[in-house]
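S.K.: First, the structure itself, so that you have it in front of you.
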Amino acid sequence: MYGEYYCPFINYSGNICGRSCMREEGCSIHWKYVIKLTNKPLIPCSDCGKLTRSASGRCPTHIRGFYVSKYYHKLRTAFEHSSKA
Ligand SMILES: [Zn+2]
Ligand SMILES: [Zn+2]
């Protein structure tokens, strides 16, 4: 079944579903989530200013970097502590 719209749902890995669908809101699996999400306020990404609904304030492109930098910060502080004799 081919629709005239493409599902705008963004999954956890940051990829857009992109399935063709009959609803503007998304494919048969995601349209309910998309409608739910569109009720949330949009906030600009702290990195690129792209509007996002993510709780962390980062768009899907930058949310991974957000967690990665947090992780490295943790590692570095752990290393600094252990290197101090
Ligand atoms: Zn979808
Ligand atoms: Zn961004």
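The values are calculated or read from the model by the stated rules, or taken from the named source; none is laboratory data. Predicted model only: the values in this text are computed from it and were never measured. For neighbour counting, all protein chains shown are included, and Cβ atoms are generated from backbone atoms with ideal geometry for every residue, glycine included.
S.K.: Mind checking which residues of region 4-51 are part of a loop (DSSP other than H, G, I, E, B) and of a type in the set (A, V, I, L, M, F, W, C)?
M.R.: Taking region 4-51 and keeping what is part of a loop (DSSP other than H, G, I, E, B), we get 4, 7-9, 11-15, 17-19, 22-30, 39-42, 45-50.
Result: Cys7, Phe9, Cys17, Met22, Cys27, Ile29, Leu42, Cys45, Cys48.
S.K.: May I pose another question? Restricting attention to region 1-36, and to residues there that are among the aromatic types (Phe, Trp, Tyr) and crowded, with 18+ Cβ neighbours inside 10 Å, which single residue is nearest to Ile63 (Cα to Cα)?
M.R.: Taking the candidates together, the pick is Phe9.
S.K.: Sticking with this one: Looking at region 6-22, which of its residues are more than 10 Å from ligand 1 (Cβ to nearest atom) and either modelled with pLDDT of 85 or more or assigned by TED's automatic domain parsing to the domain that holds Ile63 (or both)?
M.R.: Across region 6-22, the qualifying residues are Asn15, Met22.
S.K.: So, one more: Take the conditions without any contact (Cβ under 8 Å) to a residue 40 or more places away in the chain and away from ligand 2 (no atom under 16 Å from the Cβ) and apply them to Gly3. Does it pass?
M.R.: yes
S.K.: OK, next. Report, by residue number, each residue of region 37-46 that is within 16 Å of ligand 2 (Cβ to nearest atom) and surrounded by fewer than 15 Cβ atoms within 10 Å (Cβ to Cβ).
M.R.: Scanning region 37-46 gives Leu42, Pro44, Ser46.
S.K.: Kindly indicate whether Ala78 is outside any helix (DSSP H, G or I), free of Cβ contacts under 8 Å to residues at least 12 places away in the same chain and away from ligand 1 (no atom under 16 Å from the Cβ).
M.R.: no
S.K.: Ala55 - would you say it is aliphatic (A, V, I, L, M), surrounded by fewer than 12 Cβ atoms within 10 Å (Cβ to Cβ) and in a loop (DSSP other than H, G, I, E, B)? Give the steps one after another, and end with the answer.
M.R.: Details: aliphatic (A, V, I, L, M): yes; surrounded by fewer than 12 Cβ atoms within 10 Å (Cβ to Cβ): yes; in a loop (DSSP other than H, G, I, E, B): yes.
Answer is yes for this residue.
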